[in-house]
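Student: Okay, here's the structure, questions in a sec.
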Amino acid sequence: MSNLDLFLMMEDGRPVPKAPRIGEVRTRVALPASRLPGLDYALNPYVGCLHDCLYCYAPYVTKRPRTEWTTILARTDLPQALAKEIKGKKGTIGLGTVTDPYQEAERHLLITRRCLMEIVPHGLSVSVLTKSDLILRDVDLFKELKGEVGITVTSVNDELSGMLEPGAPLPGRRVDALRKLSEEGLNAYALIGPLLPLLTDRDIEEMVDALSSTGIKWVMLDRFRPRPGMFDDIARRADGRELAERLEMAHRAEDYRGLEAMVRHRFSEKGIRCVNAF
């Protein structure tokens, strides 16, 4: 492992909250089989994620300590490894199943873009999911690929997003990116995942209105499923105890059937189809 010595800034000029320097790790397998429904392979250009979303399941799935999740390791040799492994393969590649392929490091390293360039000649479908409007940079490649492009939007409340997704672009930029992807004729969707128990009726109305205005035809819903130790990890953060207690209490009290039904009904009224995630 080497140090790329790369200092990162967020697009709006704010310094990245954590891990301003990035390490490098060698790729052992570029396209491991995916266990997620609808995906044949997983492709993850980075280990860890600077978006630092407090509800993220990936650290617990990968068994990487939560305190190390924002220490990013870049798979700089991934495009070369992918070029060798992709030959003869068919199916759908999930791009960014346990990390965001368009987190801030990608702006400088271009690993995701170079991987997409390797996929184009082979005709495999790609399912990409991100919280970043940096995805717009690669519209030219997505127009050559089959599949879908998704952007996660858990609310359009900047304050709530700033608390729960401190390193991610604010929701307004993600909504604008969805609009542009839709205008380009791509199969774009929004993932409301997780469906946060902290959302008020007003939050839901504002989110449905914002996403409906983008021109997307469908959204994906996923429930909030806290992993063992997640609330404790949030509580250990600076000023995190109150948020952890608030989130846990809301989760224990929430009737997800009622919340999900409300969201589905509101989108249905707008002519937008809802599907279950994974």
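The values are calculated or read from the model by the stated rules, or taken from the named source; none is laboratory data. Just so it is clear, the model here is predicted, and its values are computed rather than measured. Here the Cβ positions follow ideal geometry from the backbone for every residue, glycine too, while neighbour counts run over all protein chains shown.
Student: When you go through (1) surrounded by fewer than 19 Cβ atoms within 10 Å (Cβ to Cβ); (2) closer than 21 Å to Asp77 by Cβ one by one for Pro45, which number turns out not to apply?
Tutor: (1)
Student: A further question follows. Are any residues in the range 144-164 over 20 Å from Tyr189 (Cα atoms), without any contact (Cβ under 8 Å) to a residue 60 or more places away in the chain and surrounded by 17 or more Cβ atoms within 10 Å (Cβ to Cβ), and if so, which ones?
Tutor: Within the range 144-164, Leu160 is the sole residue that qualifies.
Student: What is the number of the single condition among (1) within 23 Å of Val275 (Cα to Cα); (2) assigned to a loop (DSSP other than H, G, I, E, B); (3) touching a residue at least 60 places away in the same chain (Cβ under 8 Å) that Gly94 does not meet?
Tutor: Looking at each condition in turn, Gly94 falls short on (2).
Student: Of everything in the range 89-132 that's farther than 16 Å from Lys146 by Cα and of a type in the set (Asp, Glu), which residue is surrounded by the fewest Cβ atoms within 10 Å (Cβ to Cβ)?
Tutor: It comes out as Glu106.
Student: Something else: Restricting to the range 74-88, what's the tally of residues that are part of a loop (DSSP other than H, G, I, E, B), buried (at least 18 other Cβ atoms within 10 Å of the Cβ) and not basic (Lys, Arg)?
Tutor: Selection size over the range 74-88: 2.
Student: A further question follows. Output the number of the condition that Arg236 fails; it satisfies all remaining conditions of (1) within 29 Å of Ala188 (Cα to Cα); (2) in contact with a helix residue (DSSP H, G or I) (Cβ under 9 Å, 6 or more places away or on another chain); (3) basic (Lys, Arg).
Tutor: (1)
Student: Moving on to the next point. For residues that are touching a residue at least 24 places away in the same chain (Cβ under 8 Å) and aromatic (Phe, Trp, Tyr), scanning just the range 189-248, find the one that is surrounded by the most Cβ atoms within 10 Å (Cβ to Cβ).
Tutor: Tyr189
Student: Next question, about the same structure. Can you pull out every residue in the range 48-65 that is crowded, with 20+ Cβ neighbours inside 10 Å and out of contact with any Cys (no Cβ under 8 Å at 6 or more places or on another chain)?
Tutor: Residues satisfying the conditions are Gly48, Leu50, His51, Asp52, Cys53, Pro59.
Quick grid of which residues meet (1) among the β-branched types (Val, Ile, Thr); (2) within 21 Å of the chain's Cα centre (by Cα); (3) closer than 28 Å to Asp52 by Cβ; (4) at pLDDT below 95:
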position	(1), (2), (3), (4)
Glu245	no, no, yes, no
Glu248	no, no, yes, no
Arg257	no, no, no, yes
Arg266	no, no, no, no
Glu269	no, no, no, no
Asn276	no, yes, yes, yes
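Student: Now, a different point. Are any of the residues in the range 151-165 farther than 25 Å from Cys56 by Cβ, part of a loop (DSSP other than H, G, I, E, B), in contact with a helix residue (DSSP H, G or I) (Cβ under 6 Å, 6 or more places away or on another chain) and not aliphatic (A, V, I, L, M)?
Tutor: Checked the range 151-165: no residue is farther than 25 Å from Cys56 by Cβ, part of a loop (DSSP other than H, G, I, E, B), in contact with a helix residue (DSSP H, G or I) (Cβ under 6 Å, 6 or more places away or on another chain) and not aliphatic (A, V, I, L, M).
Student: For the range 121-138, which positions are outside any strand (DSSP E or B) and either among the hydroxyl-bearing types (Ser, Thr, Tyr) or under 17 Å from the mean Cα position of the chain (by Cα) (or both)?
Tutor: Lys131, Ser132, Asp133, Leu134, Ile135, Leu136, Arg137, Asp138
Student: Assigned to a helix (DSSP H, G or I) and of a type outside the set (S, T, N, Q), is that true of Leu186?
Tutor: Here the answer is no, as Leu186 does not meet what is asked.
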